[in-house]
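The values are calculated or read from the model by the stated rules, or taken from the named source; none is laboratory data. Worth saying up front: this structure is predicted, and the values here are computed from it rather than measured. Heads up, the Cβs are rebuilt from the backbone with ideal geometry, glycines too, and the neighbour counts pull from every protein chain shown. Quick note on the areas: whole protein, heavy atoms, side chains included, nothing else; ligands and nucleic acids left out. Shrake-Rupley method; radii C 1.70, N 1.55, O 1.52, S 1.80 Å.
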Amino acid sequence: MKPPPSSSSSSSILRKNRLSPFLFTLLAFIVFVTILYSEDFSCIFSQLEYSSLSASPNSISRINKNKKLPFAIGETEDGCDVFSGRWVHDDSRPLFNATLMLETLRGKRMLYVGDSLNRGQYISMVCLLHRLIPENAKSMETFGSLTVFTAKDYNATIEFYWAPFLLESNSDDAVVHRISDRVVRKGSINKHGKNWKGADIVVFNTYLWWMTGLEFKILQGSFDDEVKDIAMVSTEDAYRMGMKSMLRWVKKNMDPKKTRVFFTSMSPSHQKSIDWGGEPNMNCYNETTMIEDQSYWGSDSRKSIMEVIGQVFRRSKVPITFLNITQLSSYRKDAHTSIYKKQWSPLTAEQLANPVSYADCVHWCLPGLQDTWNELLFAKLFYP
């Protein structure tokens with residue numbers, strides 16, 4: 001038996017540009033099969049991508065774990081998905097390391113961008129941190145769409161910017177924005193994005209405001225146009241447009257060597273008790289227990305939107321960390337503000353007689369679930 005050719009002999013073969021008949025035949029066969037079945041291969045690969053998301057919509061983060069990320073002090077163990085599991089009672093209450101977070105934010109700007117659910121997460125973060133700061137060394141101010149919490153001794157700010165679609169819309173007023181006929185302007189992210197520049201950590205969210213039906217209105221021109229050019233597209237295509245705009249903005253304005261970007265997935269609501277086997281025409285009102293079924297997925301959380309997120313993020317090279325809080329939050333029908341939220345107008349006698357009619361099953365109590373969202377953000381910031 002002849003020994004295998006040495007590297008030097010292999011090199012000489014390559015230099016002579018000669019192929020053995022067997023190798024030539026093999027290469028020709030591979031090219032033939034590739035051309036013949038290329039469509040089938042692409043279909044198989046696309047099905048694999050779709051199936052992996054629809055079967056288990058877990059982390060879709062676009063980060064390279066081989067590179068040390070800004071603010072990281074370690075890494076999550078391979079195979080450990082911190083977003084999946086089940087809720088357990090913990091009387092010791094795991095403590096949030098507010099000292100580490102504040103020291104990390106020294107001289108920095110942390111920004112939450114999105115709707116009222118992201119504002120809830122922002123308020124949660126402020127509450128987790130402010131107890132370590134003396135009263136005379138902190139402040140909270142609002143400037144239109146921007147709310148700023150300042151930790152003066154740390155020269156740090158934690159901010160929230162109201163932009164429910166991220167792009168410009170007819171619902172951009174931070175106070176008066178309850179508009180049912182919602183319209184988003186295409187390619188308009190810089191209208192808000194100019195206010196996000198300079199942030200060191202950005203946490204985006206957008207979902208609930210897109211959910212007005214199967215179609216959505218997209219403005220092609222300007223809101224100032226006398227005759228507006230509005231196109232009706234599927235909600236999924238409209239949302240995809242928003243995701244792509246966000247990623248383009250991140251790529252252009254965020255330095256991956258110095259900053260971190262997060263995207264929080266859809267926050268589930270509990271408007272229909274029949275989803276979890278409850279009585280018809282009821283909701284989260286008076287619910288005091290969690291949903292135990294680990295496979296539960298409520299009808300208010302569109303899987304088609306989660307699929308859009310997966311498709312857009314996986315095809316992008318923009319480094320962004322996906323905070324998949326949807327499934328873990330869907331179990332918590334007991335955690336909403338329900339009838340205990342602030343009412344912006346007096347309740348009618350009819351409403352008072354039927355608490356289900358005005359129970360808020362969208363937003364969450366604080367302290368509560370959104371503290372867990374921030375604990376997961378903390379984990380991914382320091383241990384990606």
* Structure fact -> Being open to solvent by less than 30 Å² (accessible area, probe 1.4 Å), of a type in the set (Gly, Ala, Ser) and either within 27 Å of ALA72 (Cα to Cα) or in contact (Cβ under 8 Å) with a residue 24 or more places away in the chain (or both) narrows ALA137, ALA156 down to just ALA156
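Could you run through region 89-116 and say how many residues are open to solvent by less than 10 Å² (accessible area, probe 1.4 Å) and in a helix (DSSP H, G or I)?
So the answer is 3.
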* region 198-229, residues that are farther than 30 Å from GLU103 by Cα, open to solvent by 30 Å² or more (accessible area, probe 1.4 Å) and under 25 Å from the mean Cα position of the chain (by Cα) -> LEU208, MET211, THR212, LEU214, GLU215, LYS217
* Extreme residue, nearest to the chain's Cα centre (by Cα), among residues of region 265-277 that are assigned to a loop (DSSP other than H, G, I, E, B) and of a type outside the set (Gly, Ala, Ser) -> MET266
* Pick out the one residue from PHE223, PHE262 that is outside any loop (DSSP other than H, G, I, E, B) and among the aromatic types (Phe, Trp, Tyr). => PHE262
* Asked: For region 237-279, how many residues meet the condition of being crowded, with 18+ Cβ neighbours inside 10 Å and among the acidic types (Asp, Glu)?
  -> 1
* Identify all residues within region 286-302 that are within 11 Å of TRP276 (Cα to Cα), in contact with a helix residue (DSSP H, G or I) (Cβ under 9 Å, 6 or more places away or on another chain) and loosely packed, with under 15 Cβ neighbours inside 10 Å; write none if there are none. => ASP293, SER299
* To do: Can you tell me which residue among ARG109, ARG131 is closer than 23 Å to LEU376 by Cα and modelled with pLDDT under 95?
  => ARG131
* Test result for ASP255, out of contact with any Gly (no Cβ under 8 Å at 6 or more places or on another chain), closer than 24 Å to ASP360 by Cβ and of a type in the set (Asp, Glu) -> no
* Looking only at region 146-160, decide whether some residue is in a loop (DSSP other than H, G, I, E, B), of a type outside the set (A, V, I, L, M, F, W, C) and under 15 Å from THR206 (Cβ atoms). => no
* Structure fact -> Residue pairs within 8 Å by beta carbon, gap of at least six or interchain, first lying in region 334-348 and over 14 Å from VAL362 (Cβ atoms), second of a type in the set (D, E, K, R) and open to solvent by less than 60 Å² (accessible area, probe 1.4 Å), listed first then second, are ASP334/GLU287
* **Hits in region 328-350 - residues which are surrounded by 11 or more Cβ atoms within 10 Å (Cβ to Cβ) and of a type in the set (Phe, Trp, Tyr)** => TYR331
* Asked: Out of curiosity, is PHE322 over 17 Å from ASP81 (Cα atoms), touching a strand residue (DSSP E or B) at 6+ places or on another chain (Cβ under 6 Å) and either modelled with pLDDT of 95 or more or open to solvent by 10 Å² or more (accessible area, probe 1.4 Å) (or both)?
  -> no
* Are any residues in region 117-134 open to solvent by less than 10 Å² (accessible area, probe 1.4 Å) and of a type outside the set (A, V, I, L, M, F, W, C), and if so, which ones? -> ASN118, GLN121, TYR122, SER124
* Structure fact -> In the set MET282, MET232, the lone residue that is part of a strand (DSSP E or B) and open to solvent by 10 Å² or more (accessible area, probe 1.4 Å) is MET232
* Only residues in region 199-213 that are under 12 Å from MET254 (Cα atoms) count as the first member; pair them with residues that are in a loop (DSSP other than H, G, I, E, B) and open to solvent by 30 Å² or more (accessible area, probe 1.4 Å), Cβ under 9 angstrom, at least 6 apart or cross-chain, and list the lot. => ALA199/LYS108; ASP200/PHE71; ASP200/GLY107; ASP200/LYS108; ASP200/LYS258; ILE201/PHE71; ILE201/LYS108
